[in-house]
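The values are calculated or read from the model by the stated rules, or taken from the named source; none is laboratory data. None of the values given here were measured: they were computed from a predicted structure. Cβ atoms come from the backbone with ideal geometry, glycine included; neighbour counts cover every protein chain shown.
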Amino acid sequence: MRYKLIIEYDGSNLLGWQRQLDGPSVQQYLEDILDKINGEHTEIISAGRTDAGVHALKQTAHIDINHQMEPWKIREAFNGNLLAQDAPITVLDVTPVPETFHARFSAKKRSYIYRILNRRAPSALLKKRVWWIPTPLDIEKMRRGAEYLIGHHDFTSFRAAACQAKSPIKTLDKIEINQNGDEIIFYVEARSFLHHQVRNIVGTLKLVGSGKIQPEDIKTILEAKDRKKAGPTAPAEGLYLYSVEY
């Protein structure tokens with residue numbers, strides 16, 4: 001039986017989704033529990049990897065179980081073990097799916113949010129959950145700069161050097177930048193993303209917001225197809241995998 005899982009996690013003290021040799025990961029926690037359910041090692045497949053320090057509100061994964069189980073029992077088995085280990089992970093939902101469903105390859109759209117805390121004082125409660133920027137940012141300028149990135153482009157300038165994607169060409173469907181009190185929230189949506197693409201976009205738009213470059217410079221940076229022309233990679237702690245659509 002194949003099941004789809006919706007997973008929430010705080011990535012602050014995790015080494016990302018993928019199992020690592022030198023520290024805890026989301027995949028490791030979940031697979032160790034799944035091994036107990038199945039009685040043998042079973043891989044869990046996610047919609048996409050997240051880096052160390054990155055969070056997820058609704059990560060999607062699929063699992064295969066050797067025997068039929070009620071979805072709620074699977075959820076409780078995961079969450080009971082995760083609570084016992086004090087793991088910063090929760091399985092929100094479990095749903096039976098056809099064997100043709102694949103968490104990664106069946107996905108039609110992925111969305112991320114990035115949170116910036118834009119105020120002079122740091123936060124005692126949001127540490128490792130936002131990028132704190134104490135100097136003012138111009139949201140309207142950042143919005144104008146973001147418009148140049150929407151659509152079908154070569155995103156080499158916003159691609160990590162270690163990116164393993166075969167092509168730098170992606171279609172960015174939406175970028176929204178909104179303010180909620182002291183927070184500036186970026187919402188970015190596409191079918192798929194390059195490694196560090198969202199964080200590199202945010203880091204570059206931050207330069208626009210702070211007046212170091214102009215909105216129209218984003219077009220020049222995009223057309224340069226050169227990572228060195230873009231801004232810094234925004235910190236991992238502000239990034240959240242928001243949802244995956246099928």
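Quick look at the numbers
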item: Answer from 215, 134, 168 - the residue that is farther than 17 Å from residue 50 by Cβ, out of contact with any Gly (no Cβ under 8 Å at 6 or more places or on another chain) and surrounded by 15 or more Cβ atoms within 10 Å (Cβ to Cβ); result: 168
item: Unmet criterion (only one of (1) exposed (fewer than 15 other Cβ atoms within 10 Å of the Cβ); (2) of a type outside the set (Phe, Trp, Tyr); (3) in a loop (DSSP other than H, G, I, E, B); (4) in contact (Cβ under 8 Å) with a residue 12 or more places away in the chain) for residue 41; result: (4)
item: The range 151-165, residues that are surrounded by 18 or more Cβ atoms within 10 Å (Cβ to Cβ) and of a type in the set (Gly, Ala, Ser); result: 157
item: Residues satisfying the stated conditions in the range 45-67, i.e. assigned to a loop (DSSP other than H, G, I, E, B) and crowded, with 22+ Cβ neighbours inside 10 Å; result: 47, 50, 54
item: Matching option when the condition is at pLDDT 95 or above and within 19 Å of the chain's Cα centre (by Cα), among 125, 137, 149; result: 149
item: Leading residue by the ranking (nearest to residue 127 (Cα to Cα)) among those in the range 226-245 that are in a loop (DSSP other than H, G, I, E, B) and free of Cβ contacts under 8 Å to residues at least 60 places away in the same chain; result: 232
